[in-house]
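For reference, the structure is listed below as structure tokens.
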Amino acid sequence: MNPIQEVKIHAFSKEYKVSIYSDFRGLGETIRRFYPVSSIFILTERKLSGLFSKFYSMELGGLGVPVHEIYIKGGEKNKHINRTADVYNRLIELGADRKSLILALGGGVVGDFAGFIASTFLRGIRFAQIPTSLLACVDSSVGGKVAVNADLGKNMIGSFYQPEFVYVPLIALSTLPKKEWRCGMAEIVKHGLLSGGEYLEKVRANNKEVYDHSSPALLELIVGSILYKANIVSQDERETGLRKVLNLGHTTAHAIESLTNYKKYSHGEAVAIGLLTAIILSVQKQGLDQNWIEDLRKILAQYDLPYQDSSKSSQVAKHTLHDKKNVGSSVRFVLLQSAGSPVWDIPVELPEIVQAFRSQKKMK
Ligand code: GLY
């Protein structure tokens, strides 16, 4: 079975494909290309296995190698270094070896966690990403960032470790709750602002009707986002410079997530609010056309995304100081000179953040 679309990733350390299929009926054939494989380990959440194993078991059953499932708990708090030991032990008990293949089947948390396990088990075994959330399809499954959290910080322990392939089964999006659609869409809007041009126009021209796994417009948005990320990763796999642009909106987002105890918003919803803060700062500091403030507000509203939060502006500004992308004591932002022309590592003073966030709060 042929994929609907394919995007090649030319990372410095590895070349691989992101293949988009309507369902799981291409997975077996895809895995065969990576033979010899001694055994397959599906790292996933129990509830995702319940939803999708009837589809993928048939595909994997015909491969002639042992297939095991190891359940990991979803949710950011479970993406913790303390949770890794059980999974390593399970892999050893079940006889995983250097020719085993790990399949990371799930959203961003599963992909980061399973990818981290793959990157460290036996000093690194092969793995593939099978994203089942919109955020994972357009962002976290592509580009090889894998990590777990420490007590004192998110993603503090990890590496750049590229998968053998990324297999996107669109059918998996059919069960996504609304909050998860919004979560992924914020990253798509981010990619639109960063890329500008035709892709941004597609983002602007659509609305929440694309929250449907069979929508042709959704497919176009997913492919455009992956193409944009592929281009960035191929130029700067290890985030020494250009890849930092993918953090647009994230400085304020991390502050808001932490201030609201990771409960009020999904990551993407916090990114949506952070995108608008970054745009306001871009108008003030980089000469971005000021119509963009209202334009972005409208785009976010089209997709049912939040664009403001009631947290105290001074608290938000203070929390941006904790961002791990900062250098020394100044807060570093990704900003836009124009749509499609991002700049990174721009120092921003706390009073400027306070002022931007305050004006955002006042927006109708
Ligand atoms: N999610 C941002 C990156 O992959 O660099």
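The values are calculated or read from the model by the stated rules, or taken from the named source; none is laboratory data. Everything numeric in this text was worked out from a predicted model, so none of it was measured. Cβ coordinates were reconstructed from backbone atoms using ideal geometry, including for glycine residues, and neighbour counts include every protein chain displayed. Protein only, heavy atoms only, side chains kept; ligands, DNA and RNA dropped before computing areas. Shrake-Rupley method; radii C 1.70, N 1.55, O 1.52, S 1.80 Å.
List, in order, the whole-Hz ³J(HN,Hα) value for each residue of the range 271-286 obtained from phi through the Karplus relation with A = 6.51, B = -1.76, C = 1.60 and θ = phi - 60°; use x for Gly and Pro.
Each residue of the range 271-286 in turn: 5, 4, 5, x, 5, 5, 4, 5, 5, 4, 5, 5, 5, 6, 10, 10 Hz.
Using a cut-off of 11 Å between beta-carbons, work out the net charge of the residues near residue 339 (Lys and Arg +1, Asp and Glu -1, residue 339 not included).
Summing Lys and Arg as +1 and Asp and Glu as -1 gives -2.
Can you give the extra length, in nm with one decimal, that the chain gains between residue 126 and residue 362 once fully stretched, where that is 0.36 nm per residue apart less the Cα-Cα distance?
Separation in residues times 0.36 nm, less the Cα-Cα distance, equals 80.0 nm.
Which one of 100, 30, 273 has its Cα pushed farthest toward the positive end of the charge dipole of the chain, where Lys and Arg give +1 and Asp and Glu give -1 at the Cβ?
273
So for the range 64-217, Kirkwood radius off the Cα pairs, Stokes-Einstein at 25 °C and 0.890 mPa s: how many µm² s⁻¹?
148 µm²/s
Shape of the chain from its Cα gyration tensor (a ≥ b ≥ c, root eigenvalues): rounded if a/c is under 1.5, otherwise prolate when a/b > b/c, or oblate?
Because a/c hits 1.5 or more and a/b exceeds b/c, the chain counts as prolate.
So the label point goes 7 Å from the Cα of residue 178 along Cα→C-beta, right? Which residues of the range 118-152 then have their backbone N under 20 Å from it?
Answer for this model: 133-135.
Calculate the dipole size of the chain relative to its Cα centre from +1 charges on Lys and Arg beta carbons and -1 charges on Asp and Glu beta carbons; express the result in debye to the nearest 20.
640 debye
What number does the range 91-169 give for Rg over Rh if you use C-alpha atoms and the Kirkwood radius?
Radius of gyration over Kirkwood radius for the range 91-169 works out to 0.97.
Pick out, in residue order, every one of the chymotrypsin sites (Phe, Trp or Tyr not before Pro) in the range 1-70 that is DSSP loop and has at most 14 other C-beta atoms within 10 Å; say none if there are none.
Filter output for the range 1-70: 12, 34.
Considering amide H positions built from the backbone, and no H for Pro or chain starts, which residues 5 or more places from residue 106, or on another chain, come under 5 Å of its amide H?
HN-HN under 5 Å from residue 106: 130, 132.
Lys/Arg Cβ at +1, Asp/Glu Cβ at -1, dipole of the range 189-314 taken about the Cα centre: which of 203, 226, 255 is farthest positive-ward?
The listed residue farthest towards the positive side: 255.
How large, in percent, is the carbon and sulfur part of the accessible surface of the range 281-364 at a probe radius of 1.4 Å?
The C+S portion of the solvent-accessible surface of the range 281-364 is 49 percent.
Could you compute how fast the range 245-364 diffuses translationally, taking Rh as the Kirkwood radius over C-alpha pairs and applying Stokes-Einstein at 20 °C with viscosity 1.002 mPa s? Give it in µm² per second.
154 µm²/s
Size of the dipole of the range 90-232 about the Cα centre, Lys and Arg at +1 and Asp and Glu at -1 on the beta carbon, nothing else charged, in debye to 20?
Using Cβ point charges on Lys, Arg, Asp and Glu, the range 90-232 gives about 220 debye.
Using a Förster distance of 41 Å, how high is the FRET efficiency between residue 92 and residue 25, based on the Cβ-Cβ distance and rounded to 0.05?
0.80
Given the pairs 99/145; 145/208; 190/285; 99/190, which span a C-alpha to C-alpha distance of over 26 angstrom in this model?
Pairs exceeding 26 Å: 145/208; 99/190.
With +1 assigned to the C-beta of every Lys and Arg and -1 to the C-beta of every Asp and Glu, and no other charges, what is the dipole magnitude of the range 258-323 about the Cα centre in debye, to the nearest 20?
280 debye
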